[in-house]
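The values are calculated or read from the model by the stated rules, or taken from the named source; none is laboratory data. Every value quoted in this text rests on a predicted model; they were computed, and no experiment measured them. Please note: Cβ atoms are built from the backbone with ideal geometry, for glycine as well, and neighbour counts cover all protein chains shown. For the accessible areas, the whole protein counts, side chains as well, though only heavy atoms, and no ligand, DNA or RNA atoms are used. Shrake-Rupley method; radii C 1.70, N 1.55, O 1.52, S 1.80 Å.
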Amino acid sequence: MQLHELETPCLILDRRRLEKNLATMRQQAQRLGVRLRPHGKTAKNIDIVRMALGSRPEGITVSTLKEARYYFENGITDILYAVGIAPVKLKRAAALIKDGADLTLILDTPEQARCVAAAGRSEGVAFPVLIEIDCDNHRAGVTPEDPLLLAIGRLLGAEPGAALRGVMTHAGASYGSRSAEEIRSFARRERDAVVRCAERLRAAGLPCPVVSVGSTPTARFADDLSGVTEARPGVYMSHDLVMAGLGVCGTDDIALSVLASVIGRQTKKGWLIVDAGWTALSRDRGTAAQALDQGYGLVCGIDGRSVGDLIVADTNQEHGIIAHRQGAPPDFDAFPIGSAVRILPNHACATAAMHDRYFVVDGDTAVAAVWPRINGW
Ligand code: PLP
């Protein structure tokens, strides 16, 4: 089957670009001397995650327990669930451990530590736990000098239902960087924060075998991760326009696109209308704050190559409005009604989350495979 035969909108994955992105990050992890614990939240698919792991059957990161169960049932046992644990999810987490998964949880409050320990006791498991560290004021975590670090560590160490395994952080603020040097500085902050916390825990007689960092920009630009044991990038697998805007990849490296059909034109306004609105592209406007605003996505031909400065300037639920970045009229003859375009996403995780499967191509327009995605929680 060829791409032009697919019903639109749908999600296309270019396996050739994917393989190149995976190899680049594997080499980077090797160079830095850390284990790669790829985040499976962008892919939500076992074929992609197996390719990311390569020949080494090592661990992964997930963002939902549904992903954890899915990857576990497909043969991956070492799984870090990297969203602060909600007590209501502990029964499901315990079931995974009882079934044989080496599932690690994260938390950053004494209340969570007590809930985890109590649930572990009543379920008859010892939940492995990483304490979440705030390295950049972005979201969650205890700051490196916070007395809570040792308080939480001691709570976990004192209870048979939990086992302190280490610390983790995510430099989400690196997404707002304006230069490679700024990303490198976030990578240093990421490393320094968790290494400092590991030292504090060890000095207090607490175990800290795992020292975990990870975002795609910082993993790509880090130059020294000494003291760190693993990195958890995820979006690097497909990359996206936000990563391209940060200089982490080029637009030619983006492996994910949404196939859409031209369903109309507004010649006076210089618009092409396609059948991919925000339900296909997502509402993500991650490039709006970057030097080059890509609207809701950059338009490519059906072969995946850029056609210049056409972007999805606006979206409704099922309509995308394509316009030239500088307002010039598009070449309407090149996009007849029914013709197909591919739209590169701002944020791969958000766009992919709108779809339940990938149509896989190998750098051309022939559909080589169809892979499912595990959405939901
Ligand atoms: N670790 C955690 C806790 C995350 O939340 C994320 C992404 O949100 C990652 C790792 C992976 O980062 P990226 O999406 O930049 O690859």
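Observations, loosely collected:
- Nearest-20 debye value, the range 1-148 charge dipole, Cβ charges on Lys, Arg, Asp, Glu: 380 debye
- Proximity of backbone amide H atoms, modeled 1.01 Å from N, is registered between residue 343 and 258, 259, 260, 300 at under 5 Å, excluding neighbours fewer than 5 places apart on the same chain.
- Ratio of Rg to Rh over the chain (Cα coordinates, Kirkwood Rh, two decimals): 1.02
- Long-range amide H partners of residue 215 with built H, under 5 Å: 171, 232
- For the range 202-320, the C-alpha radius of gyration divided by 2.2 N^0.38 Å, with N the number of residues, is 1.44.
- Lys, Arg +1 and Asp, Glu -1 on Cβ, resulting dipole of the chain about Cα centre, debye, nearest 20: 660 debye
- Per residue value of the accessible surface for the range 1-112 (all protein chains in place, 1.4 Å probe), Å²: 43 Å²
- Placing +1 on each Lys and Arg Cβ and -1 on each Asp and Glu Cβ, with no other charges, gives the range 124-190 a dipole about its Cα centre of roughly 140 debye.
- Extreme residue, positive dipole direction of the chain, given options 150, 225, 176 (C-beta unit charges): 150
- The mean accessible area for residues of the range 147-254, using a 1.4 Å probe and ignoring ligands and nucleic acids, is 34 Å² per residue.
- Placing a pseudo-label 7 Å from each Cα along the Cα-to-Cβ vector at residue 56 and residue 31 gives an inter-label distance of 1.6 nm.
- Nearest-ten-degree value, helix 110-123 long axis tilted from longest Cα axis of the chain: 80 degrees
- Net +/- balance of residues flanking residue 159 in space, Cβ distance below 12 Å, scoring K and R +1, D and E -1: +3
- For the pair the range 60-129 / the range 187-244, the C-alpha centres are spaced 21 Å from each other.
- Only protein atoms count toward the accessible area here, which uses a 1.4 Å probe; on the range 65-155, the carbon and sulfur part of that area reaches 54 percent.
- Degrees separating the helix 148-158 axis from the principal Cα axis of the chain, which is the longest one: 60 degrees
- For residue 71, the shell of other residues with beta-carbons less than 13 Å away shows a net charge of 0, using +1 for Lys and Arg and -1 for Asp and Glu.
- The candidates 89, 20, arranged from most to least accessible area with a 1.4 Å probe in the full protein assembly, appear as 20, 89.
- Most mobile listed residue (60, 337, 273) in the chain, GNM with C-alpha springs under 10 Å: 337
- Rounded to two decimals, the Cα-based Rg/Rh of the range 55-170, with Kirkwood Rh, is 0.96.
- Note on residue 347: accessible area approximately 50 square angstrom, rounded to 10, probe 1.4 Å, nucleic acids and ligands left out.
- Using the Karplus relation 6.51 cos²θ - 1.76 cosθ + 1.60 with θ = phi - 60°, the per-residue 3J(HN,Hα) values for the range 369-376 come to 6, 10, 10, x, 10, 9, 8, x Hz, with x marking Gly and Pro.
- Dipole of the chain, positive end: most advanced residue of 96, 313, 273 [Cβ charges, Cα centre]: 96
- Candidates 51, 25, 243, ranked by Gaussian network fluctuation over the chain, Cα under 10 Å, top entry: 51
- Of the residues 52, 288, 352, the one that moves most in a GNM of the chain with alpha-carbon contacts below 10 Å is 288.
- 0 to 90° range, to nearest 10: angle between helix 180-203 axis and the chain longest Cα axis: 20 degrees
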